[in-house]
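Have a look at this one before I ask anything.
Quick note: the coordinates plus some simple rules give every number you see, no bench work behind them. Being a predicted model, the structure only gives us computed values, none of them experimental. Positions of Cβ are backbone-derived with ideal geometry, glycine not excepted, and every protein chain shown enters the neighbour counts.
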Amino acid sequence: MLIPFASWPEIDARIKTNKAIVVPIGSNEQHGPTGLLGTDWLCPEIIAHAAERRDESLTVAPTFNIGMAQHHLAFAGTISLRPSTFMAAITDWVSSLSRHGFERIYFLNGHGGNVATIEATFAEIYAEWSFVEEAPPFVLKLKNWWDLPGVNALCNAIFPTGHGMHATPSEIAVTQAAYPDRIKTADYAPKIAPSGPIRDALDYRARFPDGRIGSDPGQASPEKGQQIIDAAVPALLKDVAAFAAEVLPGR
Ligand SMILES: [Zn+2]
C-alpha cells in the first residue's frame, strides 16, 4: 500500500494488521553533469515502490525528498535543510505516523549526507522517552538502500572501478532503469572524478568542479540499474519483515 494513493479508511484497516511502514528518504541535490537532482530520493522510492508492487502488504509513506545537502549548495537546483530543520521535520513525521498506530518506522535512505542527522534525530526522539522512564510506542530503523544485504557487493561487482562516493554509476543506473527517457550524457573529464573531504559548499565546488566524487557514472545503464533493483527488492522485503517481527524485550 502506498499511503499517498490510499484512503484513510484503508490505512486505518491496514494498521490493525500491519504496524510497519517504510519511509523512503533522500535529498534533492546535484549529481554531476548527467545525474538527476532527485537521484537520492528516487533510488529509495524506486526500490520501495517496486517492493510494494511485489508484495502489497508493504506499507510505504510519501517520500521525504529533501535532506541535508549543504555541501551541494554551490550547484544550481540543490535544496537543503540545515540539520536542525531536518531533525525537526523527521520528528514530526515520526510523531504523525506513531499517532495513528504505526509502531515500526523504517527509513530507507538514499543520501549518505543524511545519515548523521537521521541518527541524531533518533537519539533525540528516544531521549524524550528515556528521561521520563517510559518506552516509546514505536521503534525506528535506518537503512541505506545500498546496505541492503547483497546490494553493495553486487554494485562493486558490476562497477569494480570508478564507483566512487557521489554520482555513483549504481545510483545513476537505478534512476536510468526507472526513467529511461530521462537519461543524459556528457563527456566526463576526467573520466573518474577526484576524491577528497566534504566540507562547505564553496570548498566542495572547488574540489569537485563537475559535482562528482571519485565516480565514473558513464558506466551506468538501465540494464545494470534493473539488476540492482532486482537484488534490492527482495532484500528490502525481508529486512522490513524481520524488523516488523522483532520481539521487543520488556514490552
Ligand atoms: Zn546520491
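Give region 130-177 a look and list any residue that's part of a helix (DSSP H, G or I) and over 28 Å from PRO194 (Cα atoms), or say none.
Those that are part of a helix (DSSP H, G or I) and over 28 Å from PRO194 (Cα atoms): SER130, PHE131.
Filter region 171-203 down to the residues that are within 18 Å of LEU37 (Cα to Cα) and within 21 Å of the chain's Cα centre (by Cα) and list them by number.
Of everything in region 171-203, those that are within 18 Å of LEU37 (Cα to Cα) and within 21 Å of the chain's Cα centre (by Cα) turn out to be GLU171, ILE172, ALA173, VAL174, THR175, GLN176, ALA177, ALA178, TYR179, PRO180, ARG182, ILE183.
Okay, next question. Determine, yes or no, whether ALA120 is within 24 Å of ARG199 (Cα to Cα) and hydrophobic (A, V, I, L, M, F, W, C). Explain how you work it out, then say what you get.
Details: within 24 Å of ARG199 (Cα to Cα): yes; hydrophobic (A, V, I, L, M, F, W, C): yes.
Taking the combined requirement at face value, the residue satisfies it.
Between residues in region 27-42 that are of a type outside the set (S, T, N, Q) and residues that are assigned to a strand (DSSP E or B) and within 9 Å of the ligand (Cβ to nearest atom), which pairs lie under 7 Å by C-beta distance while being six or more apart or on different chains?
LEU37/HIS31
Going by what's in this entry, would ILE21 be described as under 25 Å from PHE122 (Cβ atoms), in contact with a strand residue (DSSP E or B) (Cβ under 7 Å, 6 or more places away or on another chain) and within 14 Å of the ligand (Cβ to nearest atom)?
No: the conditions fail for ILE21.
Considering only region 118-167, how many residues are within 25 Å of ALA51 (Cα to Cα) and among the aliphatic types (A, V, I, L, M)?
Of the residues in that region, 11 qualify.
Another question, then. Does region 4-14 contain at least one residue that is on the phi < 0 side of the Ramachandran plot and within 13 Å of the ligand (Cβ to nearest atom)? Explain how you work it out, then say what you get.
Looking only at region 4-14, we keep the residues that are on the phi < 0 side of the Ramachandran plot, and these are 4-14.
From the residues that got through so far, the ones that are within 13 Å of the ligand (Cβ to nearest atom) too are none.
No, that holds for no residue.
Among the residues of region 74-81, is any touching a strand residue (DSSP E or B) at 6+ places or on another chain (Cβ under 6 Å) and free of Cβ contacts under 8 Å to residues at least 60 places away in the same chain? First the steps, then the outcome.
Of the residues in region 74-81, the ones touching a strand residue (DSSP E or B) at 6+ places or on another chain (Cβ under 6 Å) are 79.
From the residues that got through so far, the ones that are free of Cβ contacts under 8 Å to residues at least 60 places away in the same chain too are 79.
For region 74-81, residues touching a strand residue (DSSP E or B) at 6+ places or on another chain (Cβ under 6 Å) and free of Cβ contacts under 8 Å to residues at least 60 places away in the same chain: present.
Can I ask one more? If you check ARG199 against the conditions, is it buried (at least 16 other Cβ atoms within 10 Å of the Cβ), within 24 Å of MET68 (Cβ to Cβ) and in contact (Cβ under 8 Å) with a residue 24 or more places away in the chain?
Numbers: buried (at least 16 other Cβ atoms within 10 Å of the Cβ): no; within 24 Å of MET68 (Cβ to Cβ): yes; in contact (Cβ under 8 Å) with a residue 24 or more places away in the chain: yes.
Here the answer is no, as ARG199 does not meet what is asked.
Moving on to the next point. Determine which single condition GLY211 fails, assuming it passes every other condition in (1) crowded, with 16+ Cβ neighbours inside 10 Å; (2) in a helix (DSSP H, G or I).
If we test GLY211 against (1) crowded, with 16+ Cβ neighbours inside 10 Å; (2) in a helix (DSSP H, G or I), just (2) comes out false.
Now for a separate question. Restricting attention to region 152-170, does a residue exist that is loosely packed, with under 13 Cβ neighbours inside 10 Å and β-branched (Val, Ile, Thr)?
Yes.
So, in region 170-190, of the ones that are free of Cβ contacts under 8 Å to residues at least 60 places away in the same chain and in contact with a Gly (Cβ under 7 Å, 6 or more places away or on another chain), which residue ends up nearest to the ligand (Cβ to nearest atom)?
Step by step, filter region 170-190, then rank; the result is ALA173.
When the residues of region 100-139 are narrowed to those that are more than 16 Å from the ligand (Cβ to nearest atom) and in contact with a Gly (Cβ under 9 Å, 6 or more places away or on another chain), which ends up nearest to ALA245 (Cα to Cα)?
PRO137
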